[in-house]
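The structure under discussion appears below in the form of structure tokens.
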Ligand code: SF4
Ligand code: SF4
């Protein structure tokens, strides 16, 4: 069972839901795919056992063989290669590792070099949660290879909880893809509703079964998220109240189920409901 936890915008409580679900289930894997700013480790406090460098393909041009014909730059759809009269300039940050340049080069002047984009850390928490953390190198705009590396650690027959990046961009889609269920976390505000509507479109296109959790329920008394879910036939899986004690604990790196253990049962019930929904969907 692979469950992704996503939200149309940052700061809605996506990580809160993901970590509390993991802490309530315990025998599971937690995968932090929020590779630009992973923070689940602050709450889960895993003991890291190994780290792996994540590298991607980059073209390496052999200056002696290169005739400056410019075909590689023409083939590059990402403007990563630019042909000048006497030089070929390579912008590694733009390269998508498609290898088209190497394929078209008539002089066999392009070979492979590896370029580091980030790392993953693997460990375990004291309560048997297997933890995988992805971290993108600073200034690198390519989260997807790191997310793919994190996801490659999912074990067959395990319960895997994937904390997605915020927003609705490609790294989010990469995280949600091939998961069995997606929890969309939102807050009861007009901004929350706006971003939720986009996130709903994304999961519908992906064909992933999903439900909504409303975090900070009661904040401002706005009911538009609930009305939207009712109109669209989207299940509201849980409501987490707007509560200063929960917010204070979060700011100190303490999870909801640690200050209010009675919530464990609610998260276990949430998992059971998701399991039923996935069985019905499949
Ligand atoms: S296609 Fe090959 S020979 Fe032509 S400019 Fe590129 S690297 Fe040089
Ligand atoms: S590998 Fe693809 S994206 Fe990268 S430089 Fe070559 S053609 Fe461009």
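The values are calculated or read from the model by the stated rules, or taken from the named source; none is laboratory data. Keep in mind that what you see is a predicted model, and the values were worked out from it rather than measured. Using ideal geometry, Cβ is built from the backbone for each residue, glycine included, and neighbour counts are taken over all protein chains shown.
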If residue 99 meets every condition in (1) on the phi < 0 side of the Ramachandran plot; (2) over 13 Å from the mean Cα position of the chain (by Cα) apart from one, which number is that one? (1)
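If I filter the stretch 98-120 for residues that are under 18 Å from residue 15 (Cβ atoms) and either more than 16 Å from ligand 1 (Cβ to nearest atom) or surrounded by 13 or more Cβ atoms within 10 Å (Cβ to Cβ) (or both), do I get at least one hit?
Narrowing the stretch 98-120 to residues under 18 Å from residue 15 (Cβ atoms): 120.
When the remaining residues are screened for being either more than 16 Å from ligand 1 (Cβ to nearest atom) or surrounded by 13 or more Cβ atoms within 10 Å (Cβ to Cβ) (or both), the result is 120.
Checked against the condition, which is being under 18 Å from residue 15 (Cβ atoms) and either more than 16 Å from ligand 1 (Cβ to nearest atom) or surrounded by 13 or more Cβ atoms within 10 Å (Cβ to Cβ) (or both), the stretch 98-120 yields at least one hit.
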Hey, can you tell me all the residues within the stretch 47-80 that are more than 15 Å from residue 109 (Cα to Cα), surrounded by 17 or more Cβ atoms within 10 Å (Cβ to Cβ) and more than 19 Å from the chain's Cα centre (by Cα)? 76, 80
Matching strands (runs of 3 or more DSSP E) fully within the stretch 1-63 where at least 2 residues are under 20 Å from residue 238 (Cα atoms) and touching a helix residue (DSSP H, G or I) at 6+ places or on another chain (Cβ under 7 Å): 2-6
Evaluation of residue 156 against (1) in a loop (DSSP other than H, G, I, E, B); (2) within 30 Å of residue 196 (Cβ to Cβ) (one fails), failing number: (2)
For residue 188, only one of the following conditions fails: (1) buried (at least 21 other Cβ atoms within 10 Å of the Cβ); (2) within 21 Å of residue 154 (Cβ to Cβ). What is its number? (2)
All but one of (1) outside the structural domain of residue 252 (by TED's automatic domain parsing); (2) modelled with pLDDT under 95; (3) surrounded by fewer than 15 Cβ atoms within 10 Å (Cβ to Cβ) hold for residue 95; state the number of the condition that does not hold. (3)
Among the listed residues 147, 129, which satisfies the condition of being crowded, with 17+ Cβ neighbours inside 10 Å, touching a helix residue (DSSP H, G or I) at 6+ places or on another chain (Cβ under 9 Å) and closer than 14 Å to residue 53 by Cα? 147
Residue list for the stretch 247-264, restricted to those being in contact (Cβ under 8 Å) with a residue 24 or more places away in the chain and either surrounded by 15 or more Cβ atoms within 10 Å (Cβ to Cβ) or part of a helix (DSSP H, G or I) (or both): 250, 255, 256, 257, 258, 263, 264
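List the strands (runs of 3 or more DSSP E) that sit entirely inside the stretch 85-148 and contain at least 3 residues that are within 15 Å of ligand 2 (Cβ to nearest atom).
Once the strands (runs of 3 or more DSSP E) in the stretch 85-148 are filtered for at least 3 residues that are within 15 Å of ligand 2 (Cβ to nearest atom), what remains is 87-90, 110-124.
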Out of (1) at pLDDT below 95; (2) surrounded by 15 or more Cβ atoms within 10 Å (Cβ to Cβ); (3) within 16 Å of ligand 2 (Cβ to nearest atom), the one residue 166 does not meet is (3)
